[in-house]
Amino acid sequence: MVVPAYFGHIDGARETVLRQNLYGLRSVIDQFYRDKGRYPVNLSELVEQRYLRVVPIDPVTQSHDSWVIVPPMEGAATGVFDIRSGAAGKAADGSSYASW
């Protein structure tokens with residue numbers, strides 16, 4: 001009886017960390033835009049410019065390479081306007097990770 005509850009807590013913790021990582025990344029992207037007047041070319045630029053120490057991992061996929069980059073809608077072909085999780089599947093609330 002303890003094992004299902006344990007795994008439920010682990011999944012809940014991963015979802016919490018994913019939400020926090022997305023919030024933090026989005027805040028850093030916004031700060032970069034306010035400072036530079038443009039969006040970063042990629043997530044690595046945020047590290048190079050010292051807005052981040054490292055690109056955080058997506059706790060659901062356990063990878064820092066699975067983030068899905070959303071480009072600016074201003075007609076620019078490149079840049080990081082927003083970020084989404086590359087994880088497949090649904091959260092405990094029924095929403096897909098990719099929609100966060």
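The values are calculated or read from the model by the stated rules, or taken from the named source; none is laboratory data. Predicted, not measured: the structure shown is a model, and the values here were computed from it. Positions of Cβ are generated from backbone atoms using ideal geometry, with glycine treated the same way; all protein chains shown enter the neighbour counts.
Okay, here's what the table says:
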read-out	value
Single unsatisfied condition, Tyr6 versus (1) among the aromatic types (Phe, Trp, Tyr); (2) modelled with pLDDT under 95; (3) surrounded by 11 or more Cβ atoms within 10 Å (Cβ to Cβ)	(3)
Pairs, first of a type in the set (Phe, Trp, Tyr) in the stretch 37-52, second assigned to a helix (DSSP H, G or I) and surrounded by fewer than 18 Cβ atoms within 10 Å (Cβ to Cβ), C-beta under 8 Å, six or more apart	Tyr39/Tyr33; Tyr51/Gln31
Meets criteria (more than 26 Å from Ala88 (Cβ to Cβ), part of a loop (DSSP other than H, G, I, E, B) and modelled with pLDDT of 95 or more) for Arg34	no
From Gln20, Gln62, Gln49, Gln31, residue being within 26 Å of His9 (Cβ to Cβ) and either over 10 Å from the mean Cα position of the chain (by Cα) or among the hydroxyl-bearing types (Ser, Thr, Tyr) (or both)	Gln62
Hits in the stretch 68-100 - residues which are touching a residue at least 40 places away in the same chain (Cβ under 8 Å), assigned to a loop (DSSP other than H, G, I, E, B) and within 23 Å of Thr16 (Cβ to Cβ)	Ser85, Ala87, Ala91, Ala92, Trp100
Of the criteria (1) at positive phi; (2) outside any loop (DSSP other than H, G, I, E, B); (3) not aromatic (Phe, Trp, Tyr), which one Arg50 fails	(2)
Only one of Ser27, Ser85, Ser96 that is touching an Asp or Glu at 6+ places or on another chain (Cβ under 7 Å), at pLDDT 95 or above and polar (S, T, N, Q)	Ser85
